[in-house]
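**Q** Here it is: the structure, laid out below.
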Amino acid sequence: MTSEKRPAARRRRAARTPPEAQLARLWASATLGAAATAADGTPVAVVYPGRPGGRSGPDFRDAVVRLGDGGPVVGDVELHRAATDFAHHGHAADPAYDGLALHVVFEADAAPATALAGGRSVPVVAADAGATPGLPVREPCATATARLGEAAVEAIVQDAARWRLARKAEALGSAIARDGAAQALYVAMATALGQQDNARAMALLASRLPLAALLELPAGPGPTRAAAMEQALLHAAGLDGALLAPAPVLPWALAGRPAAHPARRIAALAVIIDRLARPDLVSAAGALVDAALVEGGAGLVPAFVVRGAQPPAPCGRGRAVEVLVNALLPWAAIRAGVSERRGQVFDLALALPATEAYGATAHLTRNLRMATGRPLLRTPLHQQGALALLSEWCRRGGCGRCPLS
């Protein structure tokens, strides 16, 4: 809509209100300070402004604020020039904003609280349009290597990674006790192939069509067996176009990147199972890990890379590493028994090739640098450590109290 067609009130507001970028600088520097007050009169103290968000969703993530006399509240923060912009931009019906703790604006031209899609409401805080932003608040981890030394920081990250992998191994141990070692590994690999959007659907698929049933399909060895497995999995997934699809429908996310389409990941799962189930999945997977303990973790990757007739690959190197870290290594570790051997299995992740940095841990990748300027988070084990720090500290209001602070 052009400025000529806007309501007169909105044109006047646009002329007198600073841009949203100015509000972002104020918030990032916590310039609102401890004296800020919500539109309903509740005192608001900014403990930590959070991390800048990505291209979509809230503007700041995992901020820590205090509302009135209450304890710390951890949540996201959305910024607008005016409170009514929240609805104008379609956020009121978007679940991505259900984690908000505050709605910060220059003009509180709506109700004193902003209603979210999930049914909650969050306070509206009006910032002073004439305030001057200070320097952005830096997380303590930005100076961690300078204060603690590279070796100490790397030790903290690796300890966090082993803790995270141990939790994965314990979960797989429960699955092994319930379903058997082969089925537990099959479900874990399917889940890892699904990535975040389709992890649950892939896990449900592996339960709907168990490994034992998949291996009983009437097909000969070689590519024929893999193709038969793929077709059976696609049918069980409801993705083969059949008129009589299995019910209930699995919760597939189909709108993501073509490389991550569930049909491609299902094709990769079929090929990997066909490769490893010779003579059986448990023996072959165990032998792979035993060989890697002698020869190095990098040798594990080719067994999980699946190339297609046309790019992108159904399971490229990066996704293969994710399957190893999230499925095979925790599975092998819980079956290893003694803690020393478990540690050796986890340390195989140090030798795996680096993958894309996780968007969720971008602040840790940016902040944790070696003296040369290179990122300290350079292996899949480091990335697991970053995820552990994120989940246990960054997202729980622990900035300033974590081991890197």
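The values are calculated or read from the model by the stated rules, or taken from the named source; none is laboratory data. Predicted, not measured: the structure shown is a model, and the values here were computed from it. Note that each Cβ is placed from the backbone with ideal geometry, even for glycine, and that neighbours are counted across all protein chains shown.
**Q** I need the full set of residues from segment 125-141 which are assigned to a loop (DSSP other than H, G, I, E, B) and either out of contact with any helix residue (DSSP H, G or I) (no Cβ under 7 Å at 6 or more places or on another chain) or of a type in the set (A, V, I, L, M) (or both), in order please.
**A** 127, 128, 129, 130, 131, 132, 134, 135, 137, 138
**Q** Same structure, new question: More than 24 Å from the chain's Cα centre (by Cα), exposed (fewer than 15 other Cβ atoms within 10 Å of the Cβ), without any contact (Cβ under 8 Å) to a residue 24 or more places away in the chain and within 30 Å of residue 366 (Cβ to Cβ): is that true of residue 130 in this structure?
**A** Values: more than 24 Å from the chain's Cα centre (by Cα): yes; exposed (fewer than 15 other Cβ atoms within 10 Å of the Cβ): yes; without any contact (Cβ under 8 Å) to a residue 24 or more places away in the chain: yes; within 30 Å of residue 366 (Cβ to Cβ): no.
For residue 130, the condition - more than 24 Å from the chain's Cα centre (by Cα), exposed (fewer than 15 other Cβ atoms within 10 Å of the Cβ), without any contact (Cβ under 8 Å) to a residue 24 or more places away in the chain and within 30 Å of residue 366 (Cβ to Cβ) - is not met.
**Q** Tell me yes or no: at least one residue of segment 105-125 is in the same structural domain as residue 255 (by TED's automatic domain parsing) and in contact with a Pro (Cβ under 7 Å, 6 or more places away or on another chain). So that I can check it myself, show each step before the final result.
**A** At the first step, the residues of segment 105-125 found to be in the same structural domain as residue 255 (by TED's automatic domain parsing) are none.
Within segment 105-125, none of the residues are in the same structural domain as residue 255 (by TED's automatic domain parsing) and in contact with a Pro (Cβ under 7 Å, 6 or more places away or on another chain).
**Q** Among the numbered conditions (1) surrounded by fewer than 14 Cβ atoms within 10 Å (Cβ to Cβ); (2) within 26 Å of the chain's Cα centre (by Cα); (3) not β-branched (Val, Ile, Thr), tell me where residue 252 comes up short.
**A** With respect to (1) surrounded by fewer than 14 Cβ atoms within 10 Å (Cβ to Cβ); (2) within 26 Å of the chain's Cα centre (by Cα); (3) not β-branched (Val, Ile, Thr), residue 252 is out only on (1).
**Q** Could you tell me which of the residues 373, 337 is within 21 Å of residue 181 (Cα to Cα), free of Cβ contacts under 8 Å to residues at least 40 places away in the same chain and in the same structural domain as residue 169 (by TED's automatic domain parsing)?
**A** Details: 373 fails: within 21 Å of residue 181 (Cα to Cα).
Only one candidate qualifies: 337.
**Q** Another question, then. Only one residue in 85, 69 is surrounded by fewer than 19 Cβ atoms within 10 Å (Cβ to Cβ) and not assigned by TED's automatic domain parsing to the domain that holds residue 366. Which one?
**A** Working: 85 fails: surrounded by fewer than 19 Cβ atoms within 10 Å (Cβ to Cβ).
Of the residues listed, the single one that is surrounded by fewer than 19 Cβ atoms within 10 Å (Cβ to Cβ) and not assigned by TED's automatic domain parsing to the domain that holds residue 366 is 69.
**Q** Looking at 162, 138, 178, 167 in this structure, which one is surrounded by 15 or more Cβ atoms within 10 Å (Cβ to Cβ) and of a type in the set (D, E, K, R)?
**A** 162
For (1) in a helix (DSSP H, G or I); (2) modelled with pLDDT under 90; (3) not assigned by TED's automatic domain parsing to the domain that holds residue 92, each residue gets a yes or a no:
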{"position": "15", "(1), (2), (3)": "yes, yes, no"}
{"position": "21", "(1), (2), (3)": "yes, no, no"}
{"position": "24", "(1), (2), (3)": "yes, no, no"}
{"position": "34", "(1), (2), (3)": "yes, yes, no"}
{"position": "55", "(1), (2), (3)": "no, yes, no"}
{"position": "64", "(1), (2), (3)": "no, no, no"}
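**Q** Moving on to the next point. Could you pull out the residue among 49, 123, 112, 95 that is at pLDDT 90 or above and within 15 Å of residue 25 (Cα to Cα)?
**A** On the way: 123 fails: within 15 Å of residue 25 (Cα to Cα); 112 fails: within 15 Å of residue 25 (Cα to Cα); 95 fails: within 15 Å of residue 25 (Cα to Cα).
Answer to the check: 49.
**Q** Okay, next question. Wholly within segment 168-287, which helices (runs of 4 or more DSSP H) include no fewer than the required count, namely at least 1 residues that are in contact (Cβ under 8 Å) with a residue 60 or more places away in the chain, assigned by TED's automatic domain parsing to the domain that holds residue 318 and under 22 Å from residue 318 (Cβ atoms)? So that I can check it myself, show each step before the final result.
**A** Numbers: elements: 181-193, 195-208, 211-215, 223-237, 262-276.
Hits in segment 168-287: 181-193, 195-208, 262-276.
**Q** Would you check which residues across segment 296-310 are surrounded by fewer than 21 Cβ atoms within 10 Å (Cβ to Cβ), assigned to a helix (DSSP H, G or I) and at pLDDT below 95 and list them? Even if it seems obvious, please write down each step before you answer.
**A** To start, the set of residues in segment 296-310 that are surrounded by fewer than 21 Cβ atoms within 10 Å (Cβ to Cβ) comprises 296, 298-299, 301-303, 305, 307-310.
Narrowing further to those that are assigned to a helix (DSSP H, G or I): 298-299, 301-303.
If the condition is that a residue be surrounded by fewer than 21 Cβ atoms within 10 Å (Cβ to Cβ), assigned to a helix (DSSP H, G or I) and at pLDDT below 95, then 298, 299 are the ones that fit.
**Q** Out of 355, 361, 365, 379, report the one residue that is in contact (Cβ under 8 Å) with a residue 12 or more places away in the chain, of a type in the set (S, T, N, Q), surrounded by 15 or more Cβ atoms within 10 Å (Cβ to Cβ) and under 29 Å from residue 226 (Cα atoms). Write out each step before concluding.
**A** Working: 361 fails: under 29 Å from residue 226 (Cα atoms); 365 fails: under 29 Å from residue 226 (Cα atoms); 379 fails: under 29 Å from residue 226 (Cα atoms).
Result of the check over 355, 361, 365, 379: 355.
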